[in-house]
Amino acid sequence: MSKTRQLVFACLAGLSFSVGLVGLFVPLLPTTCFMLLAVWLASRGSPRFARWIRQHPRFGPPIEAWEHEHAIPRHAKILAVTMLLASCAVLAMVLDSMLLRGGLIAGLLSLGLWIATRPEPARGVSCGEMSSRPIPKERLSAQRLGR
């Protein structure tokens, strides 16, 4: 991969990470999805940055759980579904268009159902144990794409 492409991926990873940080403080802005995107981008542009995110005490465990098991921790599920329900309530009160309101609420409820049905990470697995396990090859997008 060219240095320019690596730089672009690294910059986008930094931007995604920054938006994820803002999501910690802004209620309706998600954090984990931006962190997952940041790790994916960083793995192509700055493996050191990707490793740092994965080993971070706050952001690492949910990312590791998703990469290894496609699992979402229970506390994250509860928070996500609660915020989605709050968003539905706000949309129901604010939007005038019945079609737009119904479509957005149906989409948010579908997303909430999808999140709620994801498995939870294996019990008893600490952050350190997860970090030491290799990521299965079929889960690495770069390898699926033949890069």
Placing one identical point scatterer on every Cα of segment 1-102 and ignoring solvent, what is log10 I(q)/I(0) from the Debye formula at q = 0.15, 0.17, 0.18, 0.23 Å⁻¹?
-0.70, -0.81, -0.87, -1.14
Modelled label-to-label distance, Ala106 and Glu120, 7 Å Cα→beta-carbon offset: nm?
3.2 nm
Could you work out the Rg to Rh ratio of segment 72-118, with Rh taken as the Kirkwood radius (inverse of the mean 1/r over all Cα pairs)?
1.05
For a quick protection proxy, order the peptides 85-94, 13-22 by their average other-Cβ count within 10 Å, most packed first.
13-22, 85-94
Please compute the modelled spin-label separation between Met1 and Met93, points set 7 Å along Cα→Cβ, answer in nm with one decimal.
4.5 nm
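Read-outs throughout are calculated quantities, based only on the coordinates presented, and are distinct from any laboratory measurement. Only a predicted model underlies this, so the values are computations on that prediction, with no experimental measurement involved. We place every Cβ from the backbone using ideal geometry, glycine too, and count neighbours over all the protein chains shown.
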